[in-house]
Structure formats: structure tokens, C-alpha cells
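Notes follow once the structure below has been shown.
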Amino acid sequence: MDLFDSLDDAISLLPCDGDVFYHEVVLSAPEADAHLAQLLADIEWRCDEAVIFGKRIVTRRKVAWYGDRPFQYTYSNTSKQALPWTDQLRALKSLVERETGETYNSCLLNLYHDGSEGMAWHSDAEIDLKRDGAIASLSLGACRKFCFKHKVSKEVVAVQLQHGSLLVMKGATQRHWLHRLPPTKKVHEPRVNLTFRTINTTD
Ligand code: MD6
Ligand code: FE
């Protein structure tokens with residue numbers, strides 16, 4: 001990475017109250033294509049479950065959860081146990097650690113089959129996540145719009161997440177901003193997203 005790249009990378013997409021950095025190309029198109037095909041084939045994809053207002057919802061979007069240890073991860077009133085890293089996920093984790101200068105001990109993967117699937121407004125500030133820790137999100141497949149909304153001012157910031165790109169959220173972002181992947185009628189291809197994060201451990 002040259003000086004100009006690192007200066008570009010230092011500009012946050014958010015105007016205040018958090019830091020979000022977008023790296024448009026961390027994998028070449030052929031590398032990204034190969035990773036996407038392998039993830040679609042090898043990951044243990046499962047439908048996601050959530051309990052909302054006491055009702056159990058099963059999503060079409062699929063998820064998977066991998067980590068250094070069989071961490072229990074709880075969100076939306078459901079709990080999952082991390083699977084051990086595959087060789088491919090270990091390689092992608094190293095790439096993301098090199099790009100971001102941070103380390104991660106787990107990864108939540110999402111598979112959106114087409115633009116009809118998205119993710120609602122949320123922030124990732126569960127108690128078992130490291131406070132203000134970086135969360136790095138690698139995108140593969142269809143290009144999708146991704147939005148941030150400030151919790152108080154309601155200001156919205158949007159970015160297009162390209163095939164082979166990396167989005168990093170740091171600092172106060174989760175405390176002050178929500179984010180979502182809006183559904184769209186324009187996209188007919190799948191997208192896979194890998195969010196590398198740090199779960200608190202007691203040692
Ligand atoms: C997605 N991403 O890109 C959903 N969360 O499909 C997230 O919810 C996300 O991209 C925390 C940090 C980065 C992310
Ligand atoms: Fe998130």
C-alpha cells in the first residue's frame with residue numbers, strides 16, 4: 001500500500017460519532033470469484049432465526065458462525081455455537097487482519113440469495129462483543145447498497161459494497177449509528193458477507 005492509498009483509507013465515511021473505512025479492492029475479481037464459489041459450496045449455511053415480539057421468525061437469508069473456539073453468540077434472542085475455522089476462512093481472516101491492522105477471533109457470515117433479501121436496521125453492540133472493537137466486513141458477489149443512520153440526528157450515509165471490497169467499522173460507530181442492507185428489485189445474484197469481529201474472552 002502506498003502513501004496515497006493509506007491517506008485515502010484514513011477518511012471516515014461518517015461525519016461524526018464513529019469511524020467507517022471502505023477499501024474498494026482487497027481481492028482481485030478472479031480471487032473474489034473463486035472465494036465466493038468456495039464459500040457457497042463449503043460453508044455450513046443455515047437459515048437465521050430471531051424472536052421478535054415473542055414470535056419466532058425464520059429468515060431466507062442464510063448465516064454461519066465460525067471462531068477460534070466454540071463461542072456461544074447470542075443476538076435477537078437466539079444463540080449459536082461457533083464452528084472451527086476452515087482453511088479458507090483462516091486465509092481470509094489473515095488477509096483482513098493485514099488490511100486493517102487488527103485481530104479477530106470470530107466471523108459471522110451472511111448469504112443473500114438475491115436482492116429480495118436484506119438486513120434490517122441494527123447495530124452490533126452485543127455485550128459479548130469487544131466494546132468499540134473493529135468489525136471488518138468482506139463483501140463477495142452482487143454489489144449492494146449499504147446504509148448508516150445516526151441514532152439521534154437520523155442523518156443517512158450510503159455506500160455501494162463491491163465484489164472483493166472491505167468495510168471496517170470502528171470506535172463509537174455501533175453506539176451512535178444503525179446500519180442496514182436494504183432489499184432491492186435490481187439485484188438477481190447472490191451476495192456473501194463475512195463480518196470478522198472480536199468476542200470477549202475471560203483470558
Ligand atoms: C452486510 N453487514 O453487509 C451486513 N455489521 O450484509 C453488517 O451488518 C455489518 O458490514 C457490522 C460491521 C460491518 C458490517
Ligand atoms: Fe451489522
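The values are calculated or read from the model by the stated rules, or taken from the named source; none is laboratory data. As the structure is a computational prediction, the values presented were derived from the model and not from experiment. Glycine gets a Cβ as well: all are built from the backbone with ideal geometry, and neighbour counts include every protein chain shown. These area figures cover heavy atoms from the full protein model, side chains too; ligands, DNA and RNA do not enter into them. Shrake-Rupley method; radii C 1.70, N 1.55, O 1.52, S 1.80 Å.
Things to note:
- Residue that is farthest from ligand 1 (Cβ to nearest atom), among those in region 178-202 that are part of a strand (DSSP E or B) and hydrophobic (A, V, I, L, M, F, W, C): 199
- Unique match (being more than 19 Å from residue 169 (Cβ to Cβ), β-branched (Val, Ile, Thr) and at pLDDT 95 or above) among 74, 78, 103, 86: 86
- Selection status of residue 95, among the hydrophobic types (A, V, I, L, M, F, W, C) and more than 12 Å from ligand 1 (Cβ to nearest atom): yes
A quick yes/no check of all residues on (1) over 19 Å from residue 126 (Cβ atoms); (2) out of contact with any Cys (no Cβ under 7 Å at 6 or more places or on another chain):
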{"residue": "45", "(1), (2)": "yes, yes"}
{"residue": "55", "(1), (2)": "yes, yes"}
{"residue": "66", "(1), (2)": "no, no"}
{"residue": "74", "(1), (2)": "no, yes"}
{"residue": "81", "(1), (2)": "no, yes"}
{"residue": "95", "(1), (2)": "yes, yes"}
{"residue": "99", "(1), (2)": "yes, yes"}
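- Contact annotation: residue pairs with Cβ atoms under 7 Å, 6 or more positions apart or on different chains, pairing a residue in region 145-168 that is touching a residue at least 24 places away in the same chain (Cβ under 8 Å) and at positive phi with a partner that is surrounded by 16 or more Cβ atoms within 10 Å (Cβ to Cβ) and outside any strand (DSSP E or B), are 164/26; 164/27; 164/32.
- Residue list for region 154-177, restricted to those being in a strand (DSSP E or B), within 16 Å of ligand 2 (Cβ to nearest atom) and over 12 Å from residue 14 (Cα atoms): 161, 165, 166, 167
Residue-wise test of (1) touching a residue at least 60 places away in the same chain (Cβ under 8 Å); (2) open to solvent by less than 30 Å² (accessible area, probe 1.4 Å).
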residue	(1), (2)
50	no, yes
55	no, no
65	no, yes
69	yes, no
86	no, no
91	no, no
98	no, no
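- Test: residue in region 126-140 that is part of a strand (DSSP E or B) and open to solvent by 20 Å² or more (accessible area, probe 1.4 Å): no
- Candidates 149, 145: the one that is open to solvent by 20 Å² or more (accessible area, probe 1.4 Å) and either assigned to a loop (DSSP other than H, G, I, E, B) or within 11 Å of ligand 1 (Cβ to nearest atom) (or both) is 145.
- Residue in region 185-196 that is open to solvent by less than 60 Å² (accessible area, probe 1.4 Å) and modelled with pLDDT under 95 present: no
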